[in-house]
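Below: one structure, written as structure tokens.
The values are calculated or read from the model by the stated rules, or taken from the named source; none is laboratory data. Quick caveat: nothing in here was measured; it's all calculated off a predicted structure. Cβ: placed from backbone, ideal geometry, glycine included. Neighbour counts: every protein chain shown. In case anyone asks, the SASA skips ligands and DNA or RNA and just uses the protein heavy atoms, side chains included. Shrake-Rupley method; radii C 1.70, N 1.55, O 1.52, S 1.80 Å.
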Amino acid sequence: MTVNLFLNYHLFRKGSFTFYPILGLSMTDTNLIASKQSSVTDVNSLLENPGTSVNLQHFSGGLLTGFGVALAEHWVESTGIFRLKFAYRVPFGKGYGWESFFANIEPSSPLDNFPYFFIQFEMGVLANWKKGDPWMDKF
């Protein structure tokens, strides 16, 4: 699961086109489950010999920095929008080790910090709320 929180400021706008830098916080929580096929056919045997899978967790965070472009008519009541964002995640620190709730793997765990490039395409509809409009006062 990844959560990205962005701060956007429209640096340049001409007509429907806007260009903006991106600065954001990125946090990722990875849960890796590796298992192998078992020939056991009943629950009691499986509970007596549970060594068929492993569950590993890893948390990492970083700073997203980049830019975005958008096409939208922000001045109208309702408009379509298209956005394209490009960013790079700069990790915090040298990395975090993988963990397991069921085994002590920390001394031999590789450090990882998940630097990556980020590309996101968004499309949708914007609605500008204006107090007094009959259709917006329902919300």
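Where residues in the range 1-21 are at pLDDT 90 or above and either among the β-branched types (Val, Ile, Thr) or open to solvent by less than 60 Å² (accessible area, probe 1.4 Å) (or both), which of them is nearest to Gly62 (Cα to Cα)?
Per the criteria, the residue is Pro21.
In the list Pro134, Pro115, Pro91, Pro50, which residue meets the criterion of being touching a strand residue (DSSP E or B) at 6+ places or on another chain (Cβ under 9 Å), open to solvent by 60 Å² or more (accessible area, probe 1.4 Å) and modelled with pLDDT under 90? Break it down stepwise before answering.
Values: Pro134 fails: touching a strand residue (DSSP E or B) at 6+ places or on another chain (Cβ under 9 Å); Pro91 fails: open to solvent by 60 Å² or more (accessible area, probe 1.4 Å); Pro50 fails: touching a strand residue (DSSP E or B) at 6+ places or on another chain (Cβ under 9 Å).
None of the others qualify; the one that does is Pro115.
Can you list the strands (runs of 3 or more DSSP E) found entirely within the range 1-61 that contain at least 3 residues being under 16 Å from Ser100 (Cβ atoms) and either hydroxyl-bearing (Ser, Thr, Tyr) or touching a Leu at 6+ places or on another chain (Cβ under 8 Å) (or both)? Even if it seems obvious, please write down each step before you answer.
Values: elements: 2-8, 12-14, 17-35.
Per the criteria, 17-35.
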